[in-house]
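So the structure is just underneath, and the comments pick up after that.
The values are calculated or read from the model by the stated rules, or taken from the named source; none is laboratory data. No experiment lies behind these values; they were computed from the predicted model shown. Cβ placement follows ideal geometry from the backbone for every residue including glycine, while neighbour counts extend to all protein chains displayed. Heads up: the accessible areas ignore ligands, DNA and RNA and are worked out on the full protein's heavy atoms, side chains in. Shrake-Rupley method; radii C 1.70, N 1.55, O 1.52, S 1.80 Å.
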Amino acid sequence: MVEGLYAVKAMVAWGKEQGVELPVAEAVHRVAHEGLDPLAALKALMAREPKEE
């Protein structure tokens, strides 16, 4: 678990540098490092418009 906390921090930073959207990683980062309520993060993810990938 601890490794994932460091990895998600690096992943979110990389995504910002590259201009890549990483909504799940960003949600995990906000829950783990910014105190966002996990249920609020889930609701926000589920409310996103579907996109082609």
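Annotations for the structure displayed:
- From phi via Karplus (6.51, -1.76, 1.60), per-residue ³J(HN,Hα) for segment 47-52 in Hz, x at Gly/Pro: 7, 5, 5, x, 10, 6
- Diffusion of the chain by Stokes-Einstein, at 37 °C in a medium of 0.692 mPa s and with Rh set to the Kirkwood radius over alpha-carbon pairs, works out to 281 µm²/s.
- Leu36 long-range amide H proximity, modeled H, under 5 Å: Val31
- Solvent-accessible area per residue in the chain equals 84 Å², computed with a 1.4 angstrom probe and all protein chains kept.
- Carbon + sulfur, % of accessible area of the chain - ligands and nucleic acids excluded, 1.4 Å: 61
- Within the straight-line cut-off of under 14 Å between alpha carbons, the aspartates and glutamates reachable from Lys16 are Glu26, sequence neighbours fewer than 8 places apart in one chain being disregarded.
- Only one residue of Leu36, Gly15, Gly4 has its Cα farthest out toward the positive end of the dipole of the chain, where Lys and Arg carry +1 and Asp and Glu -1 on Cβ, and that residue is Leu36.
- Think of it as helices only: each DSSP H run of n ≥ 4 in the chain is worth -39500 (n - 2.57), and spread over all residues that comes to -22500 deg cm²/dmol at 222 nm.
- Cβ-placed point charges (K, R +1; D, E -1), dipole of the chain about Cα centre in debye, nearest 20: 120
- The local environment of Arg48, defined by Cβ-Cβ distances under 15 Å, has a net charge of -2 under the rule Lys, Arg +1 and Asp, Glu -1.
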